[in-house]
Each structure stands twice: as C-alpha cells, then as structure tokens.
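First the structure, in the form of structure tokens, and then the observations on it.
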Amino acid sequence: MIQTFPKQGHSNVVFNAVFYRNGKKLNSIDQADVANFSHLVRSYDKSENPDKVKVEFKDQDSGSLIWAKTFEWTDVDDEIPRALSGYSGLGEAEVNDLVQRKFSEMERSKELERMSAELQRLQTENEELEFQMQDMQNTLDAKKQVEYYSNIIGMALPGLAKFLTNSPMGAAMNFLAGTEQDGKPIEQGKDSETEPKDSQRDTILDMIMSFCKTMSDQELGTMYLMLSEIEKDRGNLQRILQFITQTQPTNNPT
C-alpha cells in the first residue's frame, strides 16, 4: 500500500499508529515519516506487546486521510512467545533449557507437598505427645499426693494405734505400724500371709473416709484446717498426737 502512494499523487505521506491491549490504549506513533513505518512499528510492537494496532496514512500537504486499517492478533498468535518472533523454531539448547526448568518446577512442587504433609504429621504427633505428657504429669501429681498423705499416716500410726487400742481401727493401725495390740513387733510373714498389707491399707482408708463423712460441717472444717497446718509443718502431727495421748492430770475439788 505504501508503494502505491506516489502513484496516487501523494509525495509527502505521514502515518499514525495507535497500540491497544485488552481494550486499553497504549503508547502511539504520531505524524511519523512513512519511510520509517516498518522500523517504528516493529519496535513499538516489541515494547508494547499489543493485541491490536490501528494504522492511518495521511497526506501531510492536504491533511487528508489516504488509508486506514486496524490489525488484531489472534489467540493463536498470542500464545507464541514474543521473544521467539523472527525465529523459525527453538534450538536443542533452548529446548533442553525449557525442559529442565519445567522439571525443576515440578520437583519443587512435589517437595513442597512432601514437606507440608510431614509438617502436618509432626504437628499431630506433637499434640499426641503433649496429651501424653499432661496425662503422665497428672498421674505423677496424684501419686505424690498419695505418697505425701501416706507418709503423714505412717508417722501417726504408732500413736494412733495406742490411742485407738480398743477401737475397730486398732488392729489395722498396729499392723501398719509394725506392732501387735500389746506393743510387741509383728513377726514378718505371719499376718502378711493371712491378710495382705494392701488390704489393711484399704481398710484404714475406708474407715477414715467413713469417719469424715459422719462429721458435721463445722467438724469437717476444723479437720481441714488441722490438715492444712500439718501440711505446712509435719512436726505438728506428732505434737497433736502427744497432746491427745498424754495423761491428763486429775483436778481434785478443794
């Protein structure tokens, strides 16, 4: 078309080119010499990467429009990389490079999925371990409480056994204290063969629990306060036993 302009009597021709992408106007070429058409349009095509170009040719002397046309790229053309324009195909090195990059992306994606699954597994395992640790801690705390109060009972057994000689708890108290009702040591192997120590312990605990249930609210509160003081200083336990088992003086009336 450009070659026909002189034959049509147009010797001073300029052109305008407007570039678009997705309906949006990009940079344009205004009033450029027609001799530079190919060079300028190719340069703008590479820099703007348009999907449509509107071209106009005008006679600069008369200002009249000679010819105009809009060029649009097809979807197939858009899929062709701009960097490959002007080339008939990719060489072996370029193909190998593209394949290697694609393979590396796939490997990274697989590694990411594997690490994500491993993280989820470790989080689940950590939650299970935390639950087990808390359960073990609760068990340990409960065991310490049992041992603590067992020690208190063990310290009190000799005096309580003497004090409760004629009570139903006397025999069990004497057994755990290691003495008979008359204060003589129990021979190992005899009572333990007829009645296990654990059974005697359970009996004592049941008796203490039953006794506490018979207390009034005031008595139970007093027992709680007494045990609190014993917990602070275990020596209070022996002092209490000495107090309640000592011979009370007889007050003769004057």
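Quick note: the coordinates plus some simple rules give every number you see, no bench work behind them. It should be emphasised that the depicted structure is a prediction, and the values quoted were computed from it without experimental measurement. Methodologically, a virtual Cβ is constructed for each residue, glycine included, from the backbone with ideal geometry; neighbour enumeration extends over all protein chains shown.
Close amide-amide hydrogen proximity is noted between Trp67 and Phe57, each under 5 Å apart and 5 or more residues distant or on a separate chain (H modeled in the peptide plane; Pro and chain starts excluded). Each of the peptides 36-46, 22-32 was scored by the mean count of other Cβ atoms within 10 Å over its residues; in descending order, highest first, they stand as 36-46, 22-32. Across the cross-link table entries Lys54/Lys102; Lys69/Lys102; Lys24/Lys69; Lys7/Lys46; Lys46/Lys110; Lys24/Lys58, which are compared at the Cα atoms, the separations over 29 Å belong to Lys54/Lys102; Lys69/Lys102; Lys7/Lys46; Lys46/Lys110.
Each peptide among 221-228, 14-21, 199-206, 108-115 gets the average number of other Cβ atoms lying within 10 Å of its residues, and from highest to lowest they stand as 14-21, 199-206, 221-228, 108-115. Using the Karplus relation 6.51 cos²θ - 1.76 cosθ + 1.60 with θ = phi - 60°, the per-residue 3J(HN,Hα) values for the stretch 132-143 come to 5, 5, 5, 5, 5, 5, 4, 5, 5, 4, 5, 5 Hz, with x marking Gly and Pro.
Less than 5 angstrom separates the built amide H of Leu26 from those of Phe19, Tyr20, Arg21, all sequence-distant by 5 or more or on a different chain.
Computed 3J(HN,Hα) for the stretch 26-43, one whole-Hz value per residue from the Karplus formula 6.51 cos²θ - 1.76 cosθ + 1.60 where θ = phi - 60°, is 9, 5, 9, 10, 10, 6, 8, 5, 4, 5, 9, 4, 4, 5, 5, 5, 5, 5, glycine and proline marked x.
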